[in-house]
Structure formats: C-alpha cells, structure tokens
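The values are calculated or read from the model by the stated rules, or taken from the named source; none is laboratory data. Keep in mind that what you see is a predicted model, and the values were worked out from it rather than measured. Here the Cβ positions follow ideal geometry from the backbone for every residue, glycine too, while neighbour counts run over all protein chains shown. Accessible surface areas use protein heavy atoms only, side chains included; no ligands, DNA or RNA. Shrake-Rupley method; radii C 1.70, N 1.55, O 1.52, S 1.80 Å.
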Amino acid sequence: MVVKATKARRTEDEDSIRISTTIVRQAIMSGSAILSADAVEDDRFKMSESITSLRIRSMMCVPLVSQGGDILGVIQIATRDIGQQFDKDDLDVLVAIAQQASLAVENAKLHEDLVKQRDIERDLEFAHQIQLGLLPHNRPKYKEYEFFDYYESAQSVGGDYFDYIELPSGKLAVTLGDVAGKGVPAAILMARLYASARYQVLSRNTADKALAELNTEIASSGVGLRFITFVLAVLDPKKHTVSIVNAGHMAPLLRKTSDGSVEPIAQDKSGMPLGVLKKQVFHVETITLEKGDTLLLYTDGVTEAMDQDNKLYHKDRLVKYLKSGPDAAEPLVKGLLSDVESFRNDSMQKDDICVVCFRRKK
C-alpha cells in the first residue's frame with residue numbers, strides 16, 4: 001500500500017504519518033470497516049508494535065471497495081487523545097464517505113484506462129494507415145492481362161503482404177507472403193519484408209537467387225522463431241510465361257481455360273518458409289499462360305476461414321469455386337470473398353486475408 005494523501009489536525013504533525021499496517025492489513029483482508037475505541041487495549045491489536053510506537057489510542061479504518069468487490073485502498077483516521085474516542089456514529093459517517101470516495105476512485109481509474117485505450121487505438125489506426133500505404137495503390141496495366149487483389153487484416157494491423165514490382169527487363173514480379181502470427185509483431189516484420197523483398201527482387205537476376213538472398217536476410221535478422229511463407233511469381237507479358245518460386249506457401253492455383261481444370265503450381269518444388277534456415281536453395285517452375293488462363297495467389301486466411309462449427313473453408317471448396325467462377329479477375333475474386341463470407345456465416349475473421357489474381361485475356 002502507498003500513502004496517497006494525509007492530513008493532521010495540527011500542522012506540526014503533518015510530517016509524522018501515523019499508519020498501522022496491522023489495522024490496514026486486517027481491513028483489506030476482511031473487506032470490513034474497523035472501529036477501535038481504545039486501540040492500545042484492543043485484543044485484536046495487542047501484538048501490534050506500530051500502535052504502541054505511534055501512540056494510537058482510538059482509530060477507524062474503512063476499506064475502499066469497488067462495485068465489483070475489489071479493494072481499491074483504505075481510509076484510516078486515528079487519534080492520540082483517549083478523551084476523544086471514535087464511536088459507531090463516527091464510523092457510519094466514515095463508511096458513507098468511503099463509499100463515495102470508492103466510486104470517485106473507480107471512475108477516475110476507468111477514465112484513465114479509457115484514455116490509454118484511446119491512445120492505443122489511435123496508434124493502431126495510424127499503423128493501419130501506414131501498412132496500407134506500403135501495399136500497391138495501382139494495379140499493373142498490360143494490354144493482354146488483367147489484375148485484381150484484395151487485402152484485409154483480422155486485427156488493426158496484420159502480417160499478410162503482397163506487392164507488384166516492375167523489373168527493368170519489362171517483366172513483372174508479383175510477391176505474396178504471410179508472416180507467422182497476427183497483430184503488431186507480424187505487421188512490423190511485414191514492413192521489413194516489404195523493403196527487403198523489393199531490394200532483393202530488383203537486385204538479383206533470377207527469382208530463385210532473389211528468394212535465397214531474402215531468406216538469408218530474414219534468417220539473420222534476429223526476429224526469433226517467427227517465419228514467413230512466401231511466393232514469388234515473375235510474369236513475362238511478352239512470352240506469356242510465369243516463373244514461380246515458393247517458400248513454404250500454399251501453391252498458386254492455375255485455372256486452365258482449355259478444360260476448366262484447376263491445378264496447383266510448384267507444389268512439389270516448394271522450399272521451407274523464409275527465416276527457418278539461413279541457407280536454402282529454391283527451385284523455379286515456369287509455366288505458359290494460354291489465353292483465358294488465370295493464376296490465383298492467396299494466404300491461408302481464405303482456406304482456413306471457419307464457420308460457427310469451427311469447420312474450415314478448405315482448399316477443396318476454393319478449387320470447386322474457381323472451376324465455376326467468373327472468367328474476369330475482379331468478379332472472380334469478389335465472388336470468392338463473398339463465398340468465404342457466406343461460409344463463415346457471421347463468425348469472426350480469425351486470420352488475415354490476402355488474394356492476388358491475374359489473367360491472360362482472350
């Protein structure tokens with residue numbers, strides 16, 4: 001207990017705070033008001049050295065109790081004058097005052113907590129805006145391709161990430177990643193990933209080397225046990241090829257316009273997530289996009305969305321939707337999100353969702 005305020009009848013006693021920890025402790029433990037007309041002779045406090053040394057003769061001690069029953073503190077009044085003993089009427093007055101004081105203290109604490117919470121919410125909202133600022137504001141524009149993307153964090157900030165990086169060769173690198181965890185720690189690492197991925201992709205001449213260097217950087221950065229699943233797809237809009245390198249992420253899904261089939265790409269050639277081992281060798285798988293073919297990259301916020309019975313949306317439902325979904329990229333992704341939302345059926349979003357889709361037009 002800490003003394004928050006003290007007042008003495010005589011000015012010369014202001015510096016001498018007379019508090020019996022024995023009495024205070026008993027009031028706190030019992031949660032009841034204590035009245036002692038003669039504390040020195042009171043059998044309850046016979047063993048208290050503080051009462052004797054402080055020359056306390058009569059005293060009252062009342063706990064400050066919150067509406068939930070928690071002890072907020074105590075008010076203790078003591079006198080050295082045996083001729084001015086406190087009685088039950090005095091105690092009743094002090095109890096009434098303590099009730100009002102308890103309410104005031106509790107309200108003040110609630111107000112303080114509310115101000116702190118508002119500060120936290122304001123900081124998180126600012127962090128949310130910063131994070132959105134890192135994500136692409138404009139989608140790539142190619143004559144024979146269309147793009148659409150979607151991002152939504154489960155909390156104010158999240159660990160999912162995607163980016164479009166135009167390369168000097170005229171190719172386009174599409175990146176998508178998922179930092180282990182959610183919230184502020186994942187968001188901080190996501191910001192680190194954004195800058196590092198851009199640097200490595202722009203400075204390395206092949207996708208596998210870029211991912212290998214990115215992995216070494218993340219693994220050496222001292223972020224603890226956190227890791228990142230990551231996929232890099234490099235589109236050549238002239239040759240209509242896509243070179244894919246995967247670091248432990250869900251395999252991108254290719255929908256073939258020729259037969260309507262949906263198949264995972266580079267599933268067997270996936271390496272371990274970024275940050276697990278400092279040295280990794282990644283493999284490239286290159287595919288050709290025919291007219292009408294669509295490639296979908298996504299995070300597990302889609303397939304691991306849960307309904308009210310804790311059942312997963314699952315990859316099988318995603319594949320089934322893609323087979324029958326619209327041709328164009330935008331309605332395809334929007335339809336997917338609606339299907340996930342319908343599946344969740346008002347249950348809370350538990351993970352970040354990120355989707356990037358691009359399609360070669362007919």
Here is a check on your reading of the model: is Met272 hydrophobic (A, V, I, L, M, F, W, C), under 27 Å from the mean Cα position of the chain (by Cα) and surrounded by fewer than 18 Cβ atoms within 10 Å (Cβ to Cβ)? yes
Residues (assigned to a loop (DSSP other than H, G, I, E, B) and open to solvent by 10 Å² or more (accessible area, probe 1.4 Å)) located in region 252-269: Lys256, Thr257, Ser258, Asp259, Gly260, Ser261, Gln267, Asp268, Lys269
Can you give me the number of residues within region 307-358 that are touching a residue at least 24 places away in the same chain (Cβ under 8 Å), under 20 Å from Thr229 (Cα atoms) and either in a helix (DSSP H, G or I) or in contact with a Cys (Cβ under 6 Å, 6 or more places away or on another chain) (or both)? 2
So Asp119, is it open to solvent by less than 80 Å² (accessible area, probe 1.4 Å), in a helix (DSSP H, G or I) and not basic (Lys, Arg): yes
Which of the residues spanning region 122-136 are in a helix (DSSP H, G or I) and modelled with pLDDT of 80 or more? Arg122
Of all residues in region 133-145 being open to solvent by 40 Å² or more (accessible area, probe 1.4 Å) and touching a Phe, Trp or Tyr at 6+ places or on another chain (Cβ under 8 Å), the one that is nearest to Gln349 (Cα to Cα): Leu134
For Ser30, indicate whether it is at pLDDT 65 or above and under 44 Å from the mean Cα position of the chain (by Cα). yes
Does Ile97 satisfy the criteria of being modelled with pLDDT of 90 or more and either charged (D, E, K, R) or not in a strand (DSSP E or B) (or both)? yes
Within region 186-231, the residues that are assigned to a loop (DSSP other than H, G, I, E, B), of a type outside the set (Ser, Thr, Tyr) and modelled with pLDDT of 90 or more are Arg204
Kindly provide the set of residues from region 307-328 that are open to solvent by 50 Å² or more (accessible area, probe 1.4 Å) and closer than 19 Å to Phe148 by Cβ, ordered by number. Lys323, Ser324, Pro326, Asp327
Select from region 155-166 the residues that are open to solvent by less than 10 Å² (accessible area, probe 1.4 Å) and aromatic (Phe, Trp, Tyr) and write down the one among them that is modelled with the lowest pLDDT. Tyr161
Suppose the filter is in contact (Cβ under 8 Å) with a residue 12 or more places away in the chain, out of contact with any Cys (no Cβ under 8 Å at 6 or more places or on another chain) and hydrophobic (A, V, I, L, M, F, W, C); does Leu176 pass it? no
Is it true that Glu152 is out of contact with any helix residue (DSSP H, G or I) (no Cβ under 6 Å at 6 or more places or on another chain), surrounded by fewer than 16 Cβ atoms within 10 Å (Cβ to Cβ), more than 23 Å from Phe227 (Cβ to Cβ) and not aliphatic (A, V, I, L, M)? no
Exception for Ser169 within (1) surrounded by fewer than 21 Cβ atoms within 10 Å (Cβ to Cβ); (2) assigned to a helix (DSSP H, G or I) falls at (2)
Output the qualifying pairs, or none if there are none: Cβ atoms under 8 angstrom, residues six or more apart or on different chains, first residue in region 98-113 and open to solvent by less than 90 Å² (accessible area, probe 1.4 Å), second residue part of a helix (DSSP H, G or I) and of a type in the set (A, V, I, L, M, F, W, C). none
Scan Thr294, Thr299, Thr303 and give me the residue that is among the polar types (S, T, N, Q), farther than 23 Å from Ala173 by Cβ and open to solvent by less than 30 Å² (accessible area, probe 1.4 Å). Thr303
